[in-house]
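Novice: The structure under discussion is supplied below as structure tokens; questions concerning it will follow.
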Amino acid sequence: MYLASADRYEAMPYKRCGKSGLLLPRISLGLWQNFGGCVPFETSREMVFTAFDAGITHFDLANNYGPPAGSAEETFGKLLKQDLSAYRDEMVISTKAGFTMWPGPYGDWGSKKYLLSSLDQSLRRMGLEYVDIFYHHRPDPDTPIEESMEALATALRQGKCLYVGLSNYDAKQTKQALGILKQLGVHCLIHQPRYSMFDRWPEDGLFDVLKKEGVGAIAYSPLAQGILTDKYFHGIPESSRAGKNKDSFVAKRVTPEKVEKAKKLNKIAQARGQSLAQMALAWVLEKEPMTSVIIGASRVSQIRENLDTLKNLTFSAEELAQIDKILGD
Ligand SMILES: NC(=O)c1ccc[n+]([C@@H]2O[C@H](COP(=O)([O-])OP(=O)(O)OC[C@H]3O[C@@H](n4cnc5c(N)ncnc54)[C@H](OP(=O)(O)O)[C@@H]3O)[C@@H](O)[C@H]2O)c1
């Protein structure tokens, strides 16, 4: 039987999520890959325990996480039932809907029909009465944004989530969505954009909207799915995410140019006494309005290494300029 570490709240800093009452750990754990039906249950279990024992209270899921889709929520539900039920009130559990989930016209995108039935399915898979945060996973160009926001507000009113969030909405779409939610009497807690040294699009307007509106931010793929580590310095290991799926987004992004930049960044990290992964996470966390960063991991050692990021979160102006120069070259 799992007993959480007694000192789990000692090392982790918590930050208020925008203008809300909710504190999030600076590092959160994502269950997109490596927690589904293809991974031994014991491996997922050990990673979740390592995280929770270190003060990671926030676990990020979505309906389609696995593979196969839905299986990460099933794994997490099993863990909640057999090991973590006593800790439910110490956890912030999020899920999302917006990507393809089931066949036919009601299993994708942003209709009220899809979002609310997907949330019901997520709750069933996890054995929960409510999730803490329910996100619309991506904007839907064909559904009126009012309908997608109405679905989030309905989930909130039904008590099936405590807070709502947006993911992958650009600055303009976010502004519009926040305005509609406000009219419905709902404050959007958080926005989840992809953000890393290699992908800085939120700096182009989104962060300004979030700061102005008091909405928190939580970055996903902060290591560019592993490219901002030393793992691709000598080719693509078979056991890596890019090695396991040669057609994946990350496999296409492991280019000689990116690896060269990562090697240069690694020199700055070493001078700071950090690994490249740690410096890349610290760099994300240093940005306003970043509340937390969601790490992915395929093994316990990565979670431990990434947690050590918290030992050095500050950058000198010179370091930041050197990093910008490498990224801009
Ligand atoms: N909202 C959205 O649309 C969306 C989209 C994607 C992800 N997310 C969320 O964000 C979370 C994180 O995304 P991500 O998995 O792409 O994040 P990431 O941190 O950029 O990449 C995680 C991968 O990097 C490698 N890694 C991590 N730490 C390492 C270390 N210390 N040393 C060497 N390699 C390391 C591992 O790859 P290997 O497998 O190669 O070991 C790991 O699976 C997801 O789980 C999910 O919750 C949200």
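Each row is one residue, and each column tells you yes or no for (1) away from the ligand (no atom under 13 Å from the Cβ); (2) surrounded by 22 or more Cβ atoms within 10 Å (Cβ to Cβ).
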site	(1), (2)
G104	yes, no
L115	yes, yes
L128	yes, no
F134	no, yes
T154	yes, no
C161	yes, yes
K172	yes, no
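Novice: Looking at region 207-258 only, could you name the residues that are buried (at least 21 other Cβ atoms within 10 Å of the Cβ) and charged (D, E, K, R)?
Specialist: K231, R241
Novice: Take the residues of region 247-285 that are part of a loop (DSSP other than H, G, I, E, B) and within 13 Å of the ligand (Cβ to nearest atom): which is farthest from E305 (Cα to Cα)?
Specialist: Looking at residues that are part of a loop (DSSP other than H, G, I, E, B) and within 13 Å of the ligand (Cβ to nearest atom), I get S248.
Novice: Would you check if A72 is out of contact with any strand residue (DSSP E or B) (no Cβ under 6 Å at 6 or more places or on another chain) and either within 25 Å of T309 (Cβ to Cβ) or within 12 Å of the ligand (Cβ to nearest atom) (or both)?
Specialist: yes
Novice: Over 17 Å from S292 (Cα atoms), away from the ligand (no atom under 16 Å from the Cβ) and out of contact with any helix residue (DSSP H, G or I) (no Cβ under 7 Å at 6 or more places or on another chain): does that describe R16? Give the derivation first.
Specialist: Working: over 17 Å from S292 (Cα atoms): no; away from the ligand (no atom under 16 Å from the Cβ): yes; out of contact with any helix residue (DSSP H, G or I) (no Cβ under 7 Å at 6 or more places or on another chain): yes.
Taking the combined requirement at face value, the residue does not satisfy it.
Novice: For region 76-87, what are the residues that are over 19 Å from the mean Cα position of the chain (by Cα) and surrounded by 13 or more Cβ atoms within 10 Å (Cβ to Cβ)?
Specialist: Listed by number, the residues that qualify are K78, L79, L80, D83, L84, Y87.
Novice: A further question on this structure: Could you check region 181-210 and list, in sequence order, the residues that are more than 16 Å from the ligand (Cβ to nearest atom), in a helix (DSSP H, G or I) and under 28 Å from I227 (Cβ atoms)?
Specialist: Correct list: E203, F207, D208, V209.
Novice: How about region 93-107: which of its residues are more than 20 Å from the chain's Cα centre (by Cα) and charged (D, E, K, R)?
Specialist: None; the set is empty.
Novice: Pull out all pairs, ordered by first then second residue, where Cβ-Cβ is under 8 Å, the residues are six or more apart or on different chains, the first lies in region 172-194 and is closer than 23 Å to L24 by Cα, and the second is assigned to a strand (DSSP E or B) and of a type in the set (D, E).
Specialist: Here the result reads Q192/D60, each pair linking region 172-194 to a residue that is assigned to a strand (DSSP E or B) and of a type in the set (D, E).
Novice: If T314 satisfies every condition in (1) exposed (fewer than 15 other Cβ atoms within 10 Å of the Cβ); (2) within 16 Å of the ligand (Cβ to nearest atom); (3) hydroxyl-bearing (S, T, Y) but one, which is the exception?
Specialist: Just one mismatch for T314, condition (2).
Novice: Working only within region 216-231, note down all residues that are more than 16 Å from E257 (Cα to Cα) and either without any contact (Cβ under 8 Å) to a residue 40 or more places away in the chain or more than 15 Å from the ligand (Cβ to nearest atom) (or both).
Specialist: Answer for region 216-231, where residues must be more than 16 Å from E257 (Cα to Cα) and either without any contact (Cβ under 8 Å) to a residue 40 or more places away in the chain or more than 15 Å from the ligand (Cβ to nearest atom) (or both): there is none.
Novice: Let me ask something else. I'm checking my understanding of the structure. Among residues of region 19-57 that are of a type in the set (G, A, S) and within 16 Å of the ligand (Cβ to nearest atom), which one is surrounded by the fewest Cβ atoms within 10 Å (Cβ to Cβ)?
Specialist: Here the answer is G37.
Every read-out reported here was derived from the displayed coordinates using simple, explicitly stated rules and does not represent laboratory data. Worth saying up front: this structure is predicted, and the values here are computed from it rather than measured. Positions of Cβ are generated from backbone atoms using ideal geometry, with glycine treated the same way; all protein chains shown enter the neighbour counts.
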